[in-house]
1. Once Rh is set to the Kirkwood radius over Cα pairs, what Stokes-Einstein translational diffusion coefficient, in µm²/s, holds for the range 62-202 at a temperature of 20 °C and a viscosity of 1.002 mPa s?
2. Express the relative contact order of the chain as a whole percentage, based on alpha carbon pairs under 8 Å and six or more residues apart in sequence.
3. Just to be sure I understand the curve: with the Debye formula and one point per C-alpha of the range 225-334, what is log10 I(q)/I(0) at q = 0.11, 0.16, 0.22 Å⁻¹?
4. Using the crude model of +1 on Lys and Arg Cβ and -1 on Asp and Glu Cβ, and no other charge, please compute the dipole size for the chain relative to its Cα centre, in debye to 20.
5. How big is the equivalent ellipsoid of the range 357-414 along its three axes, where each semi-axis is √(5λ) from the Cα gyration tensor, reported in whole Å from largest to smallest?
6. For the charge dipole of the range 54-208, defined by +1 on Lys and Arg C-beta atoms and -1 on Asp and Glu C-beta atoms about the Cα centroid, which residue among 201, 171, 121 has the Cα displaced farthest towards the positive pole?
7. Dividing the alpha-carbon Rg of the range 1-136 by 2.2 N^0.38 Å yields what?
8. Taking the Cα centre as origin and putting +1 on Lys and Arg beta-carbons and -1 on Asp and Glu beta-carbons, what dipole magnitude results for the range 307-388, to the nearest 20 debye?
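Every number in this text was worked out from the coordinates using simple rules, so none of it is lab data. Here the structure is a predicted model, which is why all the values come from computation and not from measurement. Cβ coordinates were reconstructed from backbone atoms using ideal geometry, including for glycine residues, and neighbour counts include every protein chain displayed.
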Amino acid sequence: MNKKIFLNESEMPQYWYNVAADMPNKPLPPLHPGTRQPVGPEDLAPLFPMELIKQEVTAEKHIEIPDGVREKYRLYRPAPLVRATALEKALDTPARIYYKYEGGSPSGSHKTNTAFAQAFYNREEGVKKIVTETGAGQWGTALSFACQQFGLACDVYMVRVSYDQKPYRKVIMRTFGADVYASPSNRTKAGRDILAASPDSSGSLGIAISEAVEMAAGDPDTKYALGSVLNHVLLHQTIIGQEALKQMEYAGDFPDVVIAPLGGGSNFAGIAFPFLRHKLEGTKNVRCVAVEPASCPKLTRGQFRYDFGDTAGYTPLLPMYTLGHQFMPTSIHAGGLRYHGASVLCSQLLKDGLIEAVAMQQLECFEAGVLFAKTEGILPAPEAAHAIAQVVREANAAREAGEQRTILFNLCGHGHFDLQAYSDYFDGKLTDHSLDEGIIQENIAAIDMLQPA
């Protein structure tokens, strides 16, 4: 077979797939932070355009991709599916390993798939500016470019540890026309409160979300955009898995296991949900494995609770696996995975035993990332290296069992802007992190009062 499987432009999916339509147990509703009642469209209107609000709550299985979004997708889609034959050989495994490569987008990651969609819908409703947060910088980069393409201004609150660790991400966002601020900042009440309590705060996605939401809520010409977690964001990413379904068909194969990293959930959902549909419909028994960092283990050590999506408590309460919205993860290089909670959809699927989750220490992930670079010639982002580490485990298990196994994972982005992380790895500056259970329980106990009666 060919190592790379491409689709023609005409084969690009015309619809996004909504997994909620097929879930046996529908997610619980988000709750208003003040009234603790289910939120309605009017509650979300200050932050999001109405078309995205509709997508957030829809029960429709397929949502048509607008022509204006498909036109922008053609800059880099359809994306290739690649058989990782060199990696297979290095691991001496009978497993067949495939990866969907999302690093060819303008941002170098999968994040552009939803950035174009969100910028399009905001432009259509007359919005002038979008404000957002970013962890590692991939989402901020994607939205900066999307806003430039659709004639919108863009402000990005970047988690301070990544702001300092990844200076070239700031440069590319500014090149695309965005204004970038280290979070926590002095520009918002949420940021000032954090700095007053902890002047040396390294920041978190929860804090950056609070700042972005505060700025959007205070300006009628500005809306907020999120790069993960929310239903409509996960919806937009399913173009990845839908392309991969067609490409696997061309390869004459189907995965036994689908793997992706999970920070908020969009990466995992993008590759896994279209394959999971077959399991939900009873036609294929595919395993879907979400990989998170051991230093921020909401899926494997958190609890399923209602919690805020941000640190300051501005967002609706979401039913999700969480470590508590005040949880401050350690400053690992996989910044996109340093989020205290998981998406509502992924959380419900995990609760129902329909997907799996594993937690990885960062040294194992970087070791796998280096192996992948040496064999397949692509330096993966630290987030993507988490998926590769699980792929190595699955491939080794197939070898030890002497069985065929087809593995598919999402190579969600390249690591060209993460060279400091690899430099620190080679210089022995990275360590594994043991998260104390008492810290987790303390943060989860702090959200007891948020639970509905």
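1. Working: Rh = 17.0 Å.
Taking Rh from Cα pairs, D becomes 126 µm²/s.
2. 19 percent
3. -0.42, -0.81, -1.25
4. Around 640 debye, computed over the chain.
5. Numbers: eigenvalues 74, 32, 22 Å².
Sorted largest first and rounded, they come to 19, 13, 10 Å.
6. 171
7. 1.35
8. Dipole size: approximately 100 debye.
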